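Here's the structure, in structure tokens; my notes come after.
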Amino acid sequence: MRPYTDMATQTDLVVIGAGPGGYTAAFYAADRGLSVALIDREPNPGGVCVYRGCIPSKALLHVAKVIDEATHASSWGVSFGAPKIDVDKLRGFKDRVVKQLTTGTGQLVKARKIKYLRGTATLLGPTSLEVALLEGGTEQVTFGHGIIAVGSQPAKVPVLSLDDSPRMMDSTGALDLENVPKSLLVIGGGYIGLELGSVYATLGTKVTVVEMMPGLLPGADRDLVAVLAKRIEKICEAVLLETKVVGVKEQKDGISVTFEDANLARRDQVFEKVLVSVGRKPNTMAGLDKTKVETDQRGFIKVDARRRTAEPTLYAIGDVAGEPMLAHKASHEGRAAVDAILGEDVAFEPAAIPAVVFTDPELAWTGLTETEAQKLGKRVEISKFPWIASGRALSIDRTDGLTKLVIEPGSERVLGVGIVGPGAGELIAEGTLAIEMGAVASDLELTIHAHPTLSETVMEGAEAFFGNATHIHRPKRK
Ligand code: FAD
């Protein structure tokens, strides 16, 4: 029997997709007094981020960090012996984290009296849609406004498609942590490949990373990436740059991969598993053709500064509405879209969106990077503080870090901050706040930072800009 066939709901706002963008928008709208329906296939809100992205990867990266620190402790005179990895228990820990978080979001749906519909939505027009319910049947929803937050999925490359091979994984498969393979090829030196590659490398897999560009993390500043690359090269079997994978073939003992280097020379190598992490592409939303919503050539939904589409009742946020495809960008867009729907005079115009690579060391940047400034032909001054001069970095035996400020000449405004080192993902928040508040270098210089902390590297980075950092002697050039 189909329990809810042809049920109907009428609501102020419908949100399609319950990832960090969608559920934040839905929760905020309910808090602001709108009646809200939220639609997703998952049992509770969370989206890619919570079920198969940010959160499970960070749970595994935390374990990797503990293993690394325990290994490193022998140089301080504390030895723990080789780690014994219980893969089932480790997977259980990661799954528990996801379960706890999504149980929490489920409770928040109920507390806010949001109607949660589990199924797949298809738009029928600018103010109506149909949900194919997971439990069977359909439900029609009519709404005043809709927010499309259907997210993204791993990009596929035809030459790398061996869809039925369990040896080929995308990020979701890698997070499933079926086993710890003897060897793994990570195709793509972006943040997802490096994060998951480091987890497997620390668990004992021989990891090779292949990237067709000349460096890892294309887009990030090279001096920051250099610090991370050094470590990645240490924990990996090999890092192959300017190298393409031109073919994959399944064979009895693994996947035979054909590499082509910059000189067009080819060679084959066999890996037990292959992780394809070559980027993400926006999901498609069925029924857009029944509306005026437009997409660009990459499939992103076109939105204005309020996140409104070409169809006045429909908004789009998160990964489906364009780069950067990051959870915190999605959630902030969600709140901006709700404000716009409530008639407020808003625009999503952040001065800075932080990006963090949660490897060890972490790499984070916010605002303008030096690389972007060069591309734009914008004159900037760079000030750096090496962590070798930080008491805190020395005391945790991690002097490999670097803090860097991108400053506007003349006004001395902080335009960008980049940090590589343990905890960079937390430290970057100060940079984002500084940029959002229009801080100048002397604001960072004069703000008292607790000692001894890694956050002092931001303050001393500003001191270095004036040529008088306490712990380095680098007078300002006249
Ligand atoms: P999503 O999280 O993609 O959610 C979209 C939801 O919509 C999904 O639940 C989907 O089921 C649902 N949906 C789609 N179509 C329909 C439909 N027709 N009807 C109903 N429901 C539908 N970002 C960070 O900021 N920090 C990180 O550390 C980070 N780590 C990551 C690690 C990995 C391995 C991956 C894969 C991603 C990571 N990301 C990270 C990116 C982050 O997950 C995304 O940017 C974020 O999830 C985007 O949120 P969203 O709300 O746009 O959509």
Calculate what fraction, in whole %, of the accessible area of region 158-278 sits on carbon and sulfur atoms when a 1.4 Å probe is rolled over the protein chains. 52 percent
In percent, how large is the relative contact order of region 158-278, given Cα pairs closer than 8 Å and 6 or more residues apart? 34 percent
Residue-by-residue Karplus 3J(HN,Hα) for region 169-184, coefficients 6.51, -1.76, 1.60, Hz, glycine and proline x: 10, 9, 4, 5, x, 5, 6, 5, 6, 5, 7, 9, x, 5, 9, 9
Charges at C-beta only: +1 for Lys and Arg, -1 for Asp and Glu. How large is the resulting dipole of region 355-465 about its Cα centre, in Debye rounded to 20? 280 debye
Placing +1 on the Cβ of each Lys and Arg and -1 on the Cβ of each Asp and Glu in region 158-278, which of ALA229, ASN179, MET213 has its Cα farthest towards the positive end of the resulting dipole? ALA229
Add +1 for every Lys or Arg and -1 for every Asp or Glu among the other residues with Cβ under 15 Å from the Cβ of LEU34, and state the total. +1
Could you tell me the relative contact order of region 1-102? Use alpha-carbon pairs under 8 Å, at least six residues apart, and round to a whole percent. 24 percent
Which residues' amide hydrogens lie under 5 Å from the amide hydrogen of VAL270, considering only partners 5 or more residues apart or on another chain, with H built in the peptide plane? VAL257
Please report how many Lys pairs in region 158-278 have alpha carbons closer than 21 angstrom, counting only residues at least 8 apart along the chain or sitting on separate chains. 15
To the nearest 10 Å², what's CYS236's accessible area with a 1.4 Å probe? 10 Å²
Quick calc: nm separation of the 7 Å Cα→Cβ label points for ALA8 and THR470 -> 7.0 nm
Cβ-Cβ cut-off under 11 Å around ASP253, Lys and Arg +1, Asp and Glu -1: the net charge is +1
Between region 256-294 and region 444-473, how far is it from one alpha carbon centroid to the other, in angstrom? 43 Å
At 7 Å along Cα-to-Cβ for each site, give me the label-to-label distance between VAL66 and LYS290 in nm. 4.9 nm
Shape descriptors of the chain over alpha-carbon atoms, Rg and Dmax in angstrom, are 24.1, 82
Would you mind getting me the FRET efficiency between ILE388 and ARG41? Use the beta-carbon distance for r and R0 = 35 Å, nearest 0.05. 0.10
THR309: net charge of surrounding residues, Cβ under 9 Å, Lys/Arg +1, Asp/Glu -1, itself excluded? +1
Accessible area, 1.4 Å probe, largest first: how do LYS206, LYS182, LYS281 sort? LYS182, LYS206, LYS281
Per the 1/(1 + (r/R0)^6) rule, R0 = 35 Å and r from the Cβ atoms of ARG231 and ILE448, FRET efficiency to 0.05 is 0.65
With a 1.4 Å probe and every protein chain left in place, tell me how much accessible area LEU446 has, in Å² to the nearest 10. 130 Å²
Taking every pair of alpha-carbon atoms in region 1-131, give the share separated by more than 26 Å as a whole percent. 41 percent
Length-normalised contact order for the chain - Cα pairs under 8 Å, 6+ apart - percent: 14 percent
Suppose we keep just the DSSP beta bridges with both residues in the chain; what percent of those would be antiparallel, to 5? 60 percent
Leaving ligands and nucleic acids out of the surface, order LYS89, LYS252 by accessible area at 1.4 Å, largest first. LYS252, LYS89
Relative to the present Cα-Cα distance, how much length would full extension add between ALA351 and ILE396 at 0.36 nm per residue of separation? 12.9 nm
What do you reckon, how do ILE67, ILE85 stack up by accessible area (1.4 Å probe), largest on top? ILE85, ILE67
Got a number for carbon plus sulfur as a percent of region 355-465's accessible area, 1.4 Å probe? 56 percent
Residue-wise, which Karplus ³J(HN,Hα) couplings in Hz belong to region 309-319, taking 6.51 cos²θ - 1.76 cosθ + 1.60, θ = phi - 60°, and x for glycine or proline? 7, 5, 9, x, 7, 10, 10, 9, 9, x, 4
Accessible solvent surface per residue of the chain, calculated while the other protein chains remain in place, 1.4 angstrom probe, Å²: 47 Å²
Ignoring everything but the protein chains, give the 1.4 Å probe accessible area of ARG307 in square angstrom, nearest 10. 30 Å²
Could you list which residues have their amide H under 5 Å from that of ILE114, counting only those 5 or more apart in sequence or on another chain, with H placed in the peptide plane? none
From the phi of every residue in region 136-141, what ³J(HN,Hα) in whole Hz does the Karplus formula 6.51 cos²θ - 1.76 cosθ + 1.60 yield, where θ is phi - 60° and glycine or proline is x? x, x, 10, 9, 8, 10
Counting only helical runs of four or more DSSP H residues, what would the 222 nm mean residue ellipticity of the chain come to if each run contributes -39,500 (n - 2.57) and the total is spread over all its residues? -9500 deg cm²/dmol
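The values are calculated or read from the model by the stated rules, or taken from the named source; none is laboratory data. If you're wondering where the values come from, they're calculated on a predicted model, not measured in any experiment. Here the Cβ is made from the backbone with ideal geometry for all residues, glycine too, and neighbour counts use every protein chain on show. Accessible surface is based on the protein model in full, side chains and every heavy atom, while ligands, DNA and RNA are left aside. Shrake-Rupley method; radii C 1.70, N 1.55, O 1.52, S 1.80 Å.
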